[in-house]
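The values are calculated or read from the model by the stated rules, or taken from the named source; none is laboratory data. Note that this is a predicted model, so its numbers are computed, not measured. As a convention, Cβ positions derive from the backbone with ideal geometry for all residues, glycine included, and neighbour counts pool all protein chains shown. The accessibility values were calculated without ligands, DNA or RNA, using every heavy atom of the protein model including side chains. Shrake-Rupley method; radii C 1.70, N 1.55, O 1.52, S 1.80 Å.
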Amino acid sequence: MMFTPVLRAMAAVSAAVFVGGTILSGCASTQSDAPAFPTATAPIGNPNALTAVATSEERINDAIAALDGIVQQAMADTGIPGVSVAVVHNGEPAYVKGFGVADVDTGAPVNADTTFQLASVSKPVGASVVSSVVGTGEVSWDDPVVTHLPEFQLSDPWVTAHTTIGDVYAMRSGIPHQAGDDLEELGYDRMQIIERFRLLPLSPFRAQSLYTNFGLTAGAEAVARATGVPWEELSRQRIYEPLGMSRTTSVYDEFLAQDNRATLHVPEGDAWVTNGNRKEQAQAPAGTVSSSANDFAKWMIMELGNGSFAGTQVVAEAALAESRVPRIVSEVQTDPAARTPDYGYGIGIRTDATGRVRYGFSGAYSAGAATHFTLLPSENLGISVFTNGFPLGTAEGIAYEFLDRAETGTTTTDWYAEFAKTFSGALGAQAPTPAPVPSNATPAAPLAAFTGTYANDYYGPAVITADGNGGLVATLGPKQTQIALIPAGGAEFVTPLPDGSGVPSATFTLTDGTPDTVTFVALQAPDNSVFRRAN
C-alpha cells in the first residue's frame with residue numbers, strides 16, 4: 001500500500017462542500033399564499049426566520065415529481081453506477097427510491113433498502129447519539145473529554161483540561177487537520193490513535209475549524225465511556241432501534257454481512273469498476289455508519305421533528321437544539337458578499353440564497369462513495385442522496401437542484417459543475433504531482449546502507465529492506481503496510497504508480513555517507529514524520 005494525500009483528502013472535501021443549518025425555535029414557515037416580499041406588518045413570527053422568497057406546497061411537490069428526471073440525468077452525465085434518494089416532508093417520507101446498480105459486476109439493482117456506506121455523514125448521525133445521552137443528563141456537551149476519557153492527552157495540559165465534547169464535535173479543539181487518519185491506514189486501533197494526540201502540535205484553541213475525524217471520535221468515545229456502553233452499541237440502542245432503522249449499523253462487518261449493499265466504484269477510463277469497500281472501524285463515530293434510504297428517511301424525520309419520531313421523543317429537544325447552534329466558522333470567506341458557513345456539533349450550518357437556514361453534511365471516500373443530506377427546517381423538508389461512485393459532486397448537485405426547484409421553482413445554476421470544481425480543486429491541491437520514475441538513478445550511498453530499522457514515537461518503527469530489484473521497501477504499522485522506494489538520485493526516493501509514473505515518497509539524511517534519518521513525504525503529520533535510525 002502506498003500513502004497518498006488523495007486518499008485522505010476526501011474528509012476535507014466533504015467539509016468544504018457541506019451544506020446545513022437549523023432554525024432552533026420560534027420559526028415561521030412561509031405560507032403558500034404569502035406575498036413574495038412581505039411587508040413589515042406581515043405576521044412573520046420570528047423576524048430572523050423571514051425569507052423574502054416565497055415557496056409553496058405545490059412548488060415542493062413539483063420538485064419531488066421532477067426527481068426521477070433529475071437523478072437519471074445526473075447518472076447519464078457521470079455514469080455513476082448507483083444512487084439512492086430519500087425526501088421527507090411534514091413528518092413523512094415523500095419520496096424514497098433507488099436507481100442503477102449496487103455492483104457493476106453482479107448487476108444487483110439499487111432499491112430503497114440498499115445499504116450504502118455514509119462516510120462523513122456518520123458525524124451528524126453520531127451527534128444525534130450524543131444528544132440522546134446529553135438529554136438524559138449522563139453527559140453534557142460542555143464536559144471535558146478527559147473527564148470521561150483519561151487517555152485523551154494533548155501536548156498542552158491546559159487545552160487537555162478545557163477541551164469539551166462539544167469542542168471536538170465542532171472541530172475547534174486545535175487538534176491538527178485530519179490527525180490520526182494515516183495511523184488508521186497503518187492499522188492502529190481507536191485508542192492507540194487517540195493516545196498519540198499528545199505528540200502533536202496544536203493550533204490555537206477554539207480559533208479555527210480543523211477537520212479531525214479522530215478528534216470527534218475521541219469525543220464519542222468519551223460519551224460511550226460515560227454510559228458504560230461501546231459506541232457502536234450505544235448508537236444502536238439510542239438511535240437505530242428506537243427509529244426502526246433495521247438496516248443501519250456503525251459496525252463495518254455488519255454492513256459487509258448484508259446481501260443488499262452497495263459496493264464502492266471508481267472510474268477507470270470510460271468505465272466504472274468495483275473497488276470493494278472501505279473499512280474505517282477505528283473512526284466509527286466519524287465515518288463508519290452505513291444506512292439505506294428508507295432508514296435514513298426516519299432519521300431525517302426525527303431531526304426535523306426536533307427529536308420526536310412517530311409520537312415518541314427519541315432525543316430531548318433541548319439537547320438536539322444545542323447541537324445545532326453555530327460554534328465556529330467552517331469556511332472563511334474572503335468575498336464580503338458571500339455568506340459564511342458554520343459548524344455546530346457534528347453538523348454543518350448555512351444560510352442559502354433564499355435566506356432560509358439549512359443544516360446537513362457531505363461524506364466521501366476516494367475509494368468510491370459520495371453521500372449528502374440537507375434539511376430545510378423552515379419547510380419541514382429534507383433530502384438525502386447516497387452514491388456508490390468516486391466523489392464528483394453528483395450527490396450534492398442532485399440535492400441542490402431539488403432544493404432549488406422546491407424553493408424557487410427553477411434551477412438557478414449548474415450545481416453539478418460548481419461542485420465538480422470544488423472536488424477537483426480540493427483534490428488537486430492536495431495530491432502529489434506524478435513524474436516519470438528515474439531510471440538508473442544513483443543513490444547517495446549503496447542501497448544496503450539505507451536498510452535497517454528507523455524509530456518514530458508517533459508512527460512506530462519503519463523497517464527498510466532491499467526489494468531485490470534495485471529498490472527498497474519500507475514496512476510500517478500493525479498492518480505491515482509497505483511503501484516501495486525507488487532511487488531518484490542522491491537521498492531522494494519515489495514510489496511508483498500503476499501508470500509508470502511516481503510520486504515523492506522518502507528523503508534520507510546522511511552523516512559521513514551513512515543514512516541516519518528518513519522522512520516519509522506522504523505521511524500526514526509533518527512534525528512527526530522524521531524516523532531516526534535505531535540499528
Residue satisfying all of: in the range 333-368; in contact (Cβ under 8 Å) with a residue 12 or more places away in the chain and β-branched (Val, Ile, Thr); nearest to Val101 (Cα to Cα) among these:
Ile347
Considering the range 190-233 alone, what residues qualify as being within 20 Å of Ala525 (Cα to Cα) and in contact with a Pro (Cβ under 8 Å, 6 or more places away or on another chain)?
Leu200, Pro201, Leu202, Ser203, Leu210, Thr212, Leu216, Thr217
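Given the criteria of a type in the set (Gly, Ala, Ser), in a loop (DSSP other than H, G, I, E, B) and open to solvent by 50 Å² or more (accessible area, probe 1.4 Å), does Gly460 qualify?
Spelling it out, it is not the case that Gly460 is of a type in the set (Gly, Ala, Ser), in a loop (DSSP other than H, G, I, E, B) and open to solvent by 50 Å² or more (accessible area, probe 1.4 Å).
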All conditions in (1) over 33 Å from the mean Cα position of the chain (by Cα); (2) open to solvent by 20 Å² or more (accessible area, probe 1.4 Å) are true of Pro496 except (1)
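Table: residues versus (1) modelled with pLDDT under 95; (2) of a type in the set (Val, Ile, Thr).
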| position | (1), (2) |
| --- | --- |
| Ser366 | yes, no |
| Ala370 | no, no |
| Leu375 | no, no |
| Glu379 | no, no |
| Gly382 | no, no |
| Thr387 | no, yes |
| Glu396 | no, no |
| Phe402 | no, no |
Within the range 132-146, is even one residue out of contact with any Pro (no Cβ under 7 Å at 6 or more places or on another chain) and within 20 Å of Val289 (Cα to Cα)?
yes
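For every residue, the table says whether it meets (1) modelled with pLDDT under 95; (2) among the small types (Gly, Ala, Ser); (3) open to solvent by 10 Å² or more (accessible area, probe 1.4 Å).
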site: Lys97; (1), (2), (3): no, no, yes
site: Val101; (1), (2), (3): no, no, yes
site: Phe116; (1), (2), (3): no, no, no
site: Lys123; (1), (2), (3): no, no, no
site: Gly135; (1), (2), (3): no, yes, yes
site: Arg190; (1), (2), (3): no, no, yes
site: Arg198; (1), (2), (3): no, no, yes
For Thr248, work out the one condition from (1) open to solvent by 30 Å² or more (accessible area, probe 1.4 Å); (2) closer than 19 Å to His372 by Cβ it doesn't fulfil.
(1)
Which condition from (1) more than 30 Å from Asp189 (Cα to Cα); (2) in a loop (DSSP other than H, G, I, E, B) is the one that Ala406 breaks?
(2)
In the range 520-533, how many residues are at pLDDT 95 or above and surrounded by fewer than 17 Cβ atoms within 10 Å (Cβ to Cβ)?
1
Of all helices (runs of 4 or more DSSP H) completely enclosed by the range 152-247, which ones contain at least 1 residues that are in contact (Cβ under 8 Å) with a residue 12 or more places away in the chain and touching a strand residue (DSSP E or B) at 6+ places or on another chain (Cβ under 9 Å)?
157-162, 165-169, 181-186, 213-227, 231-235
Considering the range 461-506 alone, what residues qualify as being within 16 Å of Arg533 (Cβ to Cβ) and of a type outside the set (A, V, I, L, M, F, W, C)?
Pro461, Thr465, Thr475
(1) modelled with pLDDT under 95; (2) under 18 Å from the mean Cα position of the chain (by Cα) all hold for Phe361 apart from (1)
Enumeration of residues in the range 224-254 that are of a type in the set (A, V, I, L, M, F, W, C), under 22 Å from the mean Cα position of the chain (by Cα) and under 26 Å from Val145 (Cβ atoms)
Ala224, Trp231, Leu234, Ile239, Val251
Residue satisfying all of: in the range 421-448; open to solvent by less than 50 Å² (accessible area, probe 1.4 Å), small (Gly, Ala, Ser) and more than 39 Å from the chain's Cα centre (by Cα); modelled with the lowest pLDDT among these
Ala441
Hey, among Gly174, Gly180, Gly215, Gly228, which residue is open to solvent by less than 40 Å² (accessible area, probe 1.4 Å) and farther than 14 Å from Pro285 by Cβ?
Gly174
How many of the residues in the range 466-493 are closer than 22 Å to Gln524 by Cα, touching a strand residue (DSSP E or B) at 6+ places or on another chain (Cβ under 8 Å) and open to solvent by 60 Å² or more (accessible area, probe 1.4 Å)?
2
Kindly indicate whether Arg278 is at negative phi, outside any helix (DSSP H, G or I), modelled with pLDDT under 95 and open to solvent by 10 Å² or more (accessible area, probe 1.4 Å).
yes
Yes or no: Ile349 at pLDDT 95 or above, touching a strand residue (DSSP E or B) at 6+ places or on another chain (Cβ under 8 Å) and surrounded by fewer than 21 Cβ atoms within 10 Å (Cβ to Cβ)?
no
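Which residue, of Glu418, Glu396, Glu401, is open to solvent by less than 10 Å² (accessible area, probe 1.4 Å), within 30 Å of Asn61 (Cα to Cα), outside any loop (DSSP other than H, G, I, E, B) and not hydrophobic (A, V, I, L, M, F, W, C)?
Numbers: Glu418 fails: open to solvent by less than 10 Å² (accessible area, probe 1.4 Å); Glu401 fails: open to solvent by less than 10 Å² (accessible area, probe 1.4 Å).
After ruling out the rest, the residue left standing is Glu396.
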Taking the stated definitions as given, is Asp142 of a type in the set (Asp, Glu), at pLDDT 95 or above and either touching a Phe, Trp or Tyr at 6+ places or on another chain (Cβ under 9 Å) or open to solvent by less than 40 Å² (accessible area, probe 1.4 Å) (or both)?
no
Could you tell me whether Pro341 is within 25 Å of Thr413 (Cβ to Cβ) and either charged (D, E, K, R) or in contact with a Lys or Arg (Cβ under 6 Å, 6 or more places away or on another chain) (or both)?
yes
For the range 161-171, state whether one or more residues are touching an Asp or Glu at 6+ places or on another chain (Cβ under 8 Å) and open to solvent by 20 Å² or more (accessible area, probe 1.4 Å).
no
